[in-house]
Amino acid sequence: MLILGIETSCDETGIALYDDQKGLIDHILHSQVALHAEYGGVVPELASRDHIRLIMPLIDTLLKKNNVDISTVDAIAYTAGPGLSGALLVGSSVAESLACSLAIPAIPIHHLEGHLLAPMLETKKPDFPFLALLVSGGHSQIIHVKAIGDYEIIGDTLDDAAGEAFDKTAQLLGLSYPGGAELSRLAMTGNPRFELPRPLMNTADFDFSFSGLKTAVLTLVKKQTLLDDQTRADIAFAFQEAITDVLVKKTISAIEYVNLDQLIISGGVGANKQLREKFKLASEKHKFDLFFPSLEFCTDNGAMIALAGALRYHLPKNNKNNHYQIKPRWRLTDI
Ligand code: KG4
Ligand code: ZN
């Protein structure tokens, strides 16, 4: 069974071909980062227009490159939410109309489910049930993944998401949007000179709060008489240490609480090297299996959507009715 996957929830147009027997055939990704950079964040209307401009050429390119005739595709999976309405509409309308014209099912996918299942694109895959730390630009959640579509959110952010905290801190340090990866590069040249708070790190729940950390960075930046490159790197280092300490500590408490022995880390912040290293050490100490998607599948991509489509294809509950579906606000537990 061959699935075409389409991701257009935000500022990346991702297209993929996934075969349930052979695995991922190929994928292609166009990032709009350069388009939005001068505005310091994603401009929804520009995002939609760029998806419109590229979605069909990207599908064409991927099919041709892999010698796949569109008539051999069995279903089209697309991100139906959450995300930017206009951007979602582009993927949804292309997927639903293409599926209708080919008389095959279209499968609406929850974007976060895509992130949750992304580690299954790798050779070493987790088995259900497992615990997931989902850390992206819009979410920081600890989720008990029981089966496809059966998710219990046991920890959530009370304010800023982890990626948002990375991006806002990066902005304070003069880095361009989205600053997570750049901040992490800057931190590599930083030294342990500043101490920043680790909000909610020792509370008994599994929730996060990062807005206070961002304010602490702002105060620290303002206090500096000289914000030279080394000071910026030292602040980046202190921020990264603080946020990764909180993410690791709370996730470890959660995995012990639910008594599972597999943990997956996914979403854009899951690409963070420091976070990965801290989790590797923790997995050895606390004896659980650790799974990461490869770096390219941590951030948004079409492959995770195609994979989720393949796993959902046989579910009776699946919606394959060929009508437009977008849910800009959609809780993972409401699938
Ligand atoms: O999963 P994603 O691509 O999009 C959403 O679904 O939100 O995540 C994007 C987020 C951004 O906030 C970005 O700064 C962050 O992931 N990010 C990183 C790194 N790479 C991407 N944060 C920290 N370190 C990284 N290496
Ligand atoms: Zn995402």
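List of remarks:
- Qualifying chymotrypsin sites (Phe, Trp or Tyr not before Pro) in the stretch 233-335, where qualification requires a DSSP coil assignment and no more than 16 other C-beta atoms within 10 Å, comprise Tyr324.
- A Förster radius of 22 Å, combined with the Cβ-Cβ distance separating Ile70 from Asp334, puts the computed FRET efficiency at roughly 0.10.
- Taking the chain and dividing mean pair separation by its residue count, relative contact order in percent (alpha carbons under 8 Å, at least six apart): 26 percent
- For Lys22, the lysines whose Cα comes closer than 27 Å to its Cα, not counting residues fewer than 8 places off in the same chain, are Lys64, Lys65, Lys124, Lys125, Lys146, Lys317, Lys320.
- Ranking Ser184, His144, Ala271 by how far each Cα lies toward the positive end of the dipole of the stretch 127-292 (charges on Cβ) leaves Ser184 at the top.
- Sparsely packed loop sites in the stretch 1-69 (the GluC sites (Glu not before Pro) outside DSSP H, G, I, E and B with at most 11 other Cβ atoms within 10 Å) comprise Glu38.
- Accessible area (Å², per residue) of the chain, counting only protein heavy atoms and a probe of 1.4 Å: 43 Å²
- Where His51, His314, His144 fall by accessible area, highest first, once all protein chains stay in place (1.4 Å): His314, His144, His51
- Rounded to 0.05, the FRET efficiency of the Asp20 and Glu45 pair, given R0 = 45 Å and the Cβ-Cβ distance, is 0.75.
- Pairs of Lys residues in the stretch 150-290, spaced 8 or more positions apart or belonging to different chains, with C-alpha separations under 25 angstrom: 26 in total.
- For the chain, the longest principal axis of the C-alpha atoms and the axis of helix 303-312 are separated by about 60°.
- When the chain is treated as a GNM with alpha-carbon contacts under 10 Å, the residue of Ala37, Ala16, Ala310 showing the greatest mean-square fluctuation is Ala37.
- Helix 273-286 and the longest principal axis of the Cα set of the chain meet at an angle near 90°.
- Surface share of carbon and sulfur [accessible, 1.4 angstrom probe, percent] for the stretch 127-292: 52 percent
- In the chain, the longest principal axis of the Cα atoms and the axis of helix 162-172 are about 60 degrees apart.
- Qualifying trypsin sites (Lys or Arg not before Pro) in the stretch 104-203, where qualification requires a DSSP coil assignment and no more than 13 other C-beta atoms within 10 Å, comprise Lys124, Arg193.
The values are calculated or read from the model by the stated rules, or taken from the named source; none is laboratory data. What you see is a predicted model; the values in this text were computed from it and never measured. Reconstructed Cβ throughout: ideal geometry from the backbone, glycine too, with neighbour counts over all protein chains shown. These area figures cover heavy atoms from the full protein model, side chains too; ligands, DNA and RNA do not enter into them. Shrake-Rupley method; radii C 1.70, N 1.55, O 1.52, S 1.80 Å.
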